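**Q** Handing you this structure, nothing more for now.
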Amino acid sequence: MGNSMNRWKVIMLCIVAGLLVVPVASAAEEYRVNSYTDDTLASAGNDYVVSPSTEDSADTEDSNISPLSTHISQGQTITHYVSLGSGINYLEVDLNWGDTSDSLTLSVSTPSGSNVGTYRDNSDGSVNGRIHLNIDPSQGYVAQGTWKFKVYGESVSGTEDYTFNVALH
């Protein structure tokens, strides 16, 4: 009886130790996904905070990239390139298709090729056939150069019309 009790204690100790190690590994992986380099101090200013936009890009006095209207089908990816100059505080990105029965995703990459993230209809806090987000640098200005925005037809019946716009603030 004592031998099986010791074995039980060793098993429980291993499980607890394993659970303590997992969050550390997850945090390290998350950092690598969201950073330009593995050097934490050098890349700290290169991260972006993505949040739901509460603005209406059509009503803003800031610069808008010309809205683009096109259509997409199931499994198709359409890539939009947006060239940015210097001195931009944040981006307001608006992908609007309006039909909640279809599902589109939006993947955003910086000029250096770093993946900011992939977003779905509910990423902005509501399911309304629209992905409307602000992309803010954690420090300084938005990176200048050519940004890549990939729209993917995740679940589309037939074809889906959409508009894509980036407002510069």
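**Q** Kindly provide the set of residues from the range 53-73 that are surrounded by 14 or more Cβ atoms within 10 Å (Cβ to Cβ) and at pLDDT 95 or above, ordered by number.
**A** Those that are surrounded by 14 or more Cβ atoms within 10 Å (Cβ to Cβ) and at pLDDT 95 or above: HIS71, ILE72.
**Q** Which of (1) closer than 20 Å to PRO52 by Cβ; (2) in contact (Cβ under 8 Å) with a residue 24 or more places away in the chain does LEU84 not meet, given it meets every other one?
**A** Checking LEU84 against (1) closer than 20 Å to PRO52 by Cβ; (2) in contact (Cβ under 8 Å) with a residue 24 or more places away in the chain, the one that fails is (1).
**Q** May I ask you to verify whether ILE135 is in contact (Cβ under 8 Å) with a residue 24 or more places away in the chain, in contact with a Leu (Cβ under 6 Å, 6 or more places away or on another chain) and not hydroxyl-bearing (Ser, Thr, Tyr)?
**A** Judged against the criteria, ILE135 is a match.
**Q** Kindly indicate which of ASN128, ASN89 is in contact with a His (Cβ under 8 Å, 6 or more places away or on another chain) and assigned to a loop (DSSP other than H, G, I, E, B).
**A** Only one candidate passes the filter, namely ASN89.
**Q** GLY113: modelled with pLDDT of 95 or more, assigned to a loop (DSSP other than H, G, I, E, B) and not hydrophobic (A, V, I, L, M, F, W, C), yes or no?
**A** Taking the combined requirement at face value, the residue satisfies it.
**Q** Which members of the range 123-140 meet the condition of being under 25 Å from SER155 (Cβ atoms) and small (Gly, Ala, Ser)?
**A** Kept after step one, since they are under 25 Å from SER155 (Cβ atoms), are these residues of the range 123-140: 123-133, 135.
SER123, GLY125, SER126, GLY129, listed by residue number.
The values are calculated or read from the model by the stated rules, or taken from the named source; none is laboratory data. Values in this document were obtained by computation on a predicted structure and should not be read as measured data. All Cβ positions, glycine included, derive from the backbone under ideal geometry; neighbour counts span all protein chains shown.
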